[in-house]
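Structure record follows, encoded as structure tokens.
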């Protein structure tokens, strides 16, 4: 049975962030994820997850001014030390919250920097941070974002992200497979997912177009999720979508008895 995590950055936005933990638990979830911890009161988040019996399975280290288009530092040579510091800080918060996955955004391409230098910087940064993550029992993830919404983002194809994971060659560095972005970039979801499953540490889903809940767009989610489960995937599937209506109504595709393991 697949394990699902409600993404509290995009779901339950009808209420303030800290109230979303209780709403997720009331909807039948026992696992949640969200975008950033550094912008929140970690102590308050800790109280919410304890009160509602929840597990936080994922968040992202600080990635710059996200609302202005910043998307992390992994590929930026001039920000190597800052990149490592964001991961160090995220590991501290993750250990406090019991989180075992951190999605480290790759960053926007630097004008004038070659593709080889971008890639070398990402690999070096991940290799530097991997032992820190290993000691903390945490997996670092890298994901691809689609070029239509994130035109400057460096990792813009699953192939590149997976090649980087192979090159880093560390058990605590894996690929985060975002179904929404991959469908927009390249499609071929089942083949790329199942063909690279050992390198995938987390999956996120949303339909295309619109980034709404499964069943609102073109992706055959019953077939896709059946294939993922049948292949033996043991990680979480994050519901990183924008509900087309009221959040609780958007879960109609996922029976309540399947929302928590």
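Okay, here's what the table says:
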| item | result |
| --- | --- |
| The listed residue being surrounded by fewer than 21 Cβ atoms within 10 Å (Cβ to Cβ) and over 30 Å from residue 232 (Cα atoms), out of 134, 186, 124 | 124 |
| Residues satisfying the stated conditions in region 197-224, i.e. assigned to a loop (DSSP other than H, G, I, E, B), surrounded by fewer than 18 Cβ atoms within 10 Å (Cβ to Cβ) and touching a residue at least 24 places away in the same chain (Cβ under 8 Å) | 210, 215, 218 |
| Residue list for region 100-121, filter: surrounded by 16 or more Cβ atoms within 10 Å (Cβ to Cβ) and either free of Cβ contacts under 8 Å to residues at least 24 places away in the same chain or in a helix (DSSP H, G or I) (or both) | 118, 119, 121 |
| Among residues of region 32-65, those that are part of a strand (DSSP E or B) and over 16 Å from residue 103 (Cα atoms), counted | 1 |
| Qualifying position, being within 18 Å of the chain's Cα centre (by Cα) and modelled with pLDDT of 95 or more, among 229, 213 | 213 |
| Residue among 97, 140 that alone is closer than 18 Å to residue 58 by Cβ, surrounded by fewer than 24 Cβ atoms within 10 Å (Cβ to Cβ), modelled with pLDDT of 95 or more and touching a strand residue (DSSP E or B) at 6+ places or on another chain (Cβ under 9 Å) | 97 |
| Meets criteria (surrounded by fewer than 23 Cβ atoms within 10 Å (Cβ to Cβ), modelled with pLDDT of 95 or more, at negative phi and part of a helix (DSSP H, G or I)) for residue 149 | no |
| Residue among 21, 12, 29 that is in contact with a helix residue (DSSP H, G or I) (Cβ under 6 Å, 6 or more places away or on another chain), crowded, with 16+ Cβ neighbours inside 10 Å and not in a helix (DSSP H, G or I) | 12 |
| Subset of region 225-261 [touching a helix residue (DSSP H, G or I) at 6+ places or on another chain (Cβ under 7 Å), buried (at least 19 other Cβ atoms within 10 Å of the Cβ) and not in a loop (DSSP other than H, G, I, E, B)] | 228 |
| All positions within region 48-62 that are surrounded by fewer than 17 Cβ atoms within 10 Å (Cβ to Cβ) and either touching a helix residue (DSSP H, G or I) at 6+ places or on another chain (Cβ under 9 Å) or at pLDDT below 95 (or both) | 51, 52, 53 |
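The values are calculated or read from the model by the stated rules, or taken from the named source; none is laboratory data. Please read all numbers here as calculations on a predicted model, not as lab measurements. Using ideal geometry, Cβ is built from the backbone for each residue, glycine included, and neighbour counts are taken over all protein chains shown.
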